[in-house]
Every structure is written in structure tokens, then in C-alpha cells.
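Engineer: Would you mind keeping the following structure in view while I ask a few things?
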Amino acid sequence: MSRIDEMIARGCPDGVDYKKLGEVCVRQRGTSITAAQMKKIATDEGDVIVFGGGQTRVRALRESINGAINEAPSVVVKSRGNIGFEYCDEAFTTKSELWSYRSDDPDVDIRFVYYVLDAHRPEFQKMAVSGKLPQISVGMTDGYEIPVPPLDVQHEVVRVLDSFAELEAELEAELEAELEARRKQYAHYRDQLLSRESLETMTGGEVEAKKLGEACVRQRGTSITAAQMKKIATDKGDVLIFGGGQTRVRAMRESVNGTINKAPSVVVKSRGNIGFEYCNEAFTTKSELWSYRSDDPDIDIRFVYYVLDAHQSDFQEVAVSGKLPQISVGVTDGYEIPIPPLSVQRQVVDVLDRFDSLTASLTDGLPAEIEARRQQYEFYRDRLLDFPRREVDS
């Protein structure tokens, strides 16, 4: 039997009282403020947090806020969009569509209340009314029943869960740091391997340089909108369609009105988050993107990809600023890349492929490791918060 089980058995052997949140805690209103106003008053020196929808929040100076400022430790209700709860123990306010709860009852630990609500977040998400964004009402939270065990039990639950959350955060930070270290190590090794000095040493002499537009064949994209991409998207698709940024969909070949590229190629992400991606399956791109393939038997297109990827910053620096940064065809066509003998290219590709595979395995493994720890935490948290309900005599 755990310490908490012993405390419950001693303090409430017949079970725990469940009470409505609106009866146990005091609901606090938000402030009438727009997203634009939040942005206007935001400052890193702010002594008050202003919570908006989702993950939006800013710091602001107290005198810039026209509304109630809550000073007591509270649970903020994220009532719209990504519904959930957040504990806050410093001065804050919220937008008017949000609200919060504090405890004025000396027998109720507000952090315990937070853990209970956070553990039951999926219930509120299911109750949410669908619209442009899912939303819950004040009545849903006010009327939600929570267990209220003796205060010493609440304190012990909070102590255990705080410790567990801290350990989880430390582990996540360590894993992220390890991954970042590997990425930096990979980038350093890649840059060193692709340097002119290294390539000339491997070649045993000077290395020729060519403009990308002369060394490779540029391939155009397809005239397609984001809405059309969404409409033809299917997991069974045999063609990849690249849009801007990280956007991509799979589509059936017959639904694509445009050129489909089948040769291994380098896709140019020319707008927004500028970069390059290697693709070795059938694909096309939106018309504002383009790609390169190699028809020259002495040029390995994957080597070209590694060279371009290593010099992403060169292209980001010359991007034309607008609503989104953008590079032109001329920028890539005219970019000079080293062309060592094919044997050297393949040697470089072999080394970088292996290094890339190692980094990718770490990248794939990190979310899985973090998710496993979160599930372990949630399982333990749910068990701690599973209090037997005291039967009330009718």
C-alpha cells in the first residue's frame, strides 16, 4: 500500500466527497482585449501574463491592462480551440472568452484541482461544441464534479506529481540536448567533408565547379492550389505533391494535371522556409517551386542535394523579403557547385547517408521515448487521482 493509500484509508475510509468545481472554487472573468491589443502592449518586461486562445500569451505592464488582474494561484481554462487547463501562480488575466478558477477554501489546494482537471482534459474535449473552433462553456466547468480528499492527501498528490513532472521535463530536455548535439556534429562533419580542401584531397587535384543550371536539368512545377491539393489527397496516392513549407500530399497519378517527375531529384523550397529536399519517387510540385535532376552520368544528384543543403544559409541570405522570403530560379540556376569525380561524389554520399541515417534514427526515437515517458506519467497520475466516491445516504 502506498503512502497516499494509507492516508486515504486513515482519513476517509468510506470514500471521498465529490463536489462541483463552481462550488469549490471561485471563477474569475477575463478581460476584454483583442489579439491586436495584446500584441500592442506586449513587452518582455511585463509583470502580468495575458492569456489568449490556444498557446497565445504575452507579458504586459500592469498599467496597460484595462481589466481585472488575478493575483492568486489559479487554473486557467483554455475554453476554445485546443481545450485544456494551465496552472498559473503569478499575476495574470485572460481574454474575455477564457476564464479561470482560484480557491478561497483553505481545505482546497488549487494545484491539486489543476491536476484533476488536466487529467480529465479528454472529457472536456468530447463535451466541446463544434463550430469554427471547438468550445466549452462556463456551465461545463462550473458543474464538473471533482474529488476533494483531505488537504494532506491533496498536498501529497501534488508533491508526487510535481516531482514526476519535473523528472519528465529533465529527461525530455536531456534527450533534446542529445539530439541537438548530434545534429551539430553531423552539420560540422558534413560541411568539413564538402569543403573544397576536403574534396581536392579526396580527388588528388583541383575540383571543377559548375553552375547548377548547367550541371542539372531544372523541372517545373504544376499549376495547383492548396484547395485542389487537399481535394485530391489520399494515403493510397502514388505521386507526391510538394507545396510550400512542409506541406505535401499524396495523390493518384490520374488526378495530377501536369508533369510528373520520376527521376531522383532535388526539390527547391523557394518560398517561406527556404531549403532543399531529396526525392527519389514520383512527384510534382506547386508552380512556385521547382526541382533539379541529373541526366549527366558523371553527376550523382544526391551529392548535389547534400551540397545545396549544406549551403541553405547562402540562399536564405539572398532571399527577397516580402510577405514571405523568396528566391528566384536565377538564384539557383546560377549557383556554383563543386563537381569532383563520380567516385568521390559517391564516397561522400555513402558517408553522409550513414550519418544522416543515424541522426534520423535519433530524431525518430526521441518523440517515441518522450511519448513513452508521458504515458507512464499519465498512467501514474490517473491512478493517484482515482479516488473512491463516498456514498451519500439517500
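Engineer: Sort 339, 232 so the one with the fewest other Cβ atoms within 10 Å of its own Cβ comes first.
Structural biologist: The order, fewest Cβ neighbours first, is 232, 339.
Engineer: Would you work out the Kirkwood radius for region 173-249? I mean one over the mean of 1/r across all pairs of different Cα atoms, in Å.
Structural biologist: After inverting the pairwise mean of 1/r, the radius is 17.3 Å.
Engineer: Right, here's the next one. Where in region 290-394 are there GluC sites (Glu not before Pro) that are in a DSSP coil and have at most 11 other Cβ atoms within 10 angstrom of their Cβ?
Structural biologist: Those that pass, being in a loop and sparsely packed, are 391.
Engineer: Sum up the charges of everything whose Cβ sits under 12 Å from the Cβ of residue 376, counting Lys and Arg as +1 and Asp and Glu as -1, but leave residue 376 out.
Structural biologist: -1
Engineer: Next question. Of the listed pairs 39/132; 132/286; 40/95; 230/269; 39/184; 39/323, which have alpha-carbon separations greater than 26 Å here?
Structural biologist: Working: 39/132 23 Å; 132/286 28 Å; 40/95 14 Å; 230/269 19 Å; 39/184 34 Å; 39/323 19 Å.
In this structure, 132/286; 39/184 lie more than 26 Å apart at Cα.
Engineer: From the P(r) of region 203-290, could you give the percentage of C-alpha pairs in the tail past 21 Å?
Structural biologist: On the way: 1249 of 3828 pairs.
Pairs farther apart than 21 Å: 33 percent.
Engineer: Let me ask something else about it. Work out, step by step, the length gained on full extension between residue 203 and residue 296: first 0.36 nm times the residue separation, then minus their alpha carbon distance; give nm to one decimal.
Structural biologist: Additional length available on full extension: 31.6 nm.
Engineer: Starting from the amide H of residue 276, placed 1.01 Å from N in the peptide plane, find each other amide H under 5 Å away whose residue is 5 or more places distant or on another chain.
Structural biologist: 269
Engineer: Residue by residue, what Karplus-based ³J(HN,Hα) values in Hz, rounded to whole numbers, does region 41-53 have, using 6.51, -1.76 and 1.60 with θ = phi - 60° and x for Gly and Pro?
Structural biologist: 8, 5, 7, 5, 8, x, 9, 9, 8, 10, 8, x, x
Engineer: Give the share of C-alpha pairs in each 20 angstrom bin for the chain, from 0 to the last occupied bin, in whole percents, shortest bins first.
Structural biologist: Over the chain, the share of Cα pairs per 20 Å bin runs 20, 39, 30, 10, 0 percent.
Engineer: DSSP loop trypsin sites (Lys or Arg not before Pro) in region 104-164 with at most 15 other Cβ atoms within 10 Å of their Cβ, which ones?
Structural biologist: For trypsin sites (Lys or Arg not before Pro) across region 104-164 that sit outside H, G, I, E and B with at most 15 neighbouring Cβ atoms in 10 Å, the list reads 132.
Engineer: How much length, in nm to one decimal, is gained on full extension between residue 347 and residue 105, taken as 0.36 nm per residue of separation minus their Cα-Cα distance? Show your work: numbers first, answer last.
Structural biologist: Details: separation 242, 0.36 × 242 = 87.12 nm, distance 7.04 nm.
Length gained between residue 347 and residue 105: 80.1 nm.
Engineer: Further, regarding this structure: Starting from the exponent 0.38 and prefactor 2.2 Å, build the expected Rg for region 14-148 from its residue count and divide its actual Cα Rg by it. Please list the in-between numbers first.
Structural biologist: Numbers: Rg = 15.0 Å, N = 135, 2.2 N^0.38 = 14.2 Å.
Output field value: 1.06.
Engineer: What is the gain in length, in nm to one decimal, between residue 247 and residue 223 on full extension, counting 0.36 nm per residue of separation less the C-alpha to C-alpha distance?
Structural biologist: Details: separation 24, 0.36 × 24 = 8.64 nm, distance 1.54 nm.
Residue separation times 0.36 nm, minus the Cα-Cα distance, leaves 7.1 nm.
Engineer: Within 10 Å of each residue's Cβ, count the other Cβ atoms and sort 148, 351 from fewest upward.
Structural biologist: 351, 148
Engineer: Where the only charges are on Cβ atoms (+1 Lys, Arg; -1 Asp, Glu), what is the dipole of the chain about its Cα centre, to the nearest 20 debye? Provide the component values of the computation, followed by the final result.
Structural biologist: Working: 50 positive and 65 negative charges, 405 e Å.
I would put it at about 1940 debye.
Engineer: How big is the equivalent ellipsoid of region 33-89 along its three axes, where each semi-axis is √(5λ) from the Cα gyration tensor, reported in whole Å from largest to smallest?
Structural biologist: 19, 14, 9
Engineer: Between residue 164 and residue 137, with labels modelled 7 Å along Cα→Cβ, what's the label distance in nm to one decimal, could you check?
Structural biologist: Each label point lies 7 Å from its Cα, and together they span 3.4 nm.
Engineer: Over the Cα atoms of region 310-360, what radius of gyration and what Dmax do you get, in Å?
Structural biologist: According to the Cα coordinates of region 310-360, Rg and Dmax are 15.1, 43 Å.
Engineer: Could you give the semi-axes, largest first, of the ellipsoid that matches region 123-240, computed as the square roots of 5 times the alpha carbon gyration tensor eigenvalues and rounded to whole Å?
Structural biologist: 54, 32, 9
All of the numbers you see were taken from the coordinates with simple rules; none came from a lab. None of the values given here were measured: they were computed from a predicted structure. Here the Cβ is made from the backbone with ideal geometry for all residues, glycine too, and neighbour counts use every protein chain on show.
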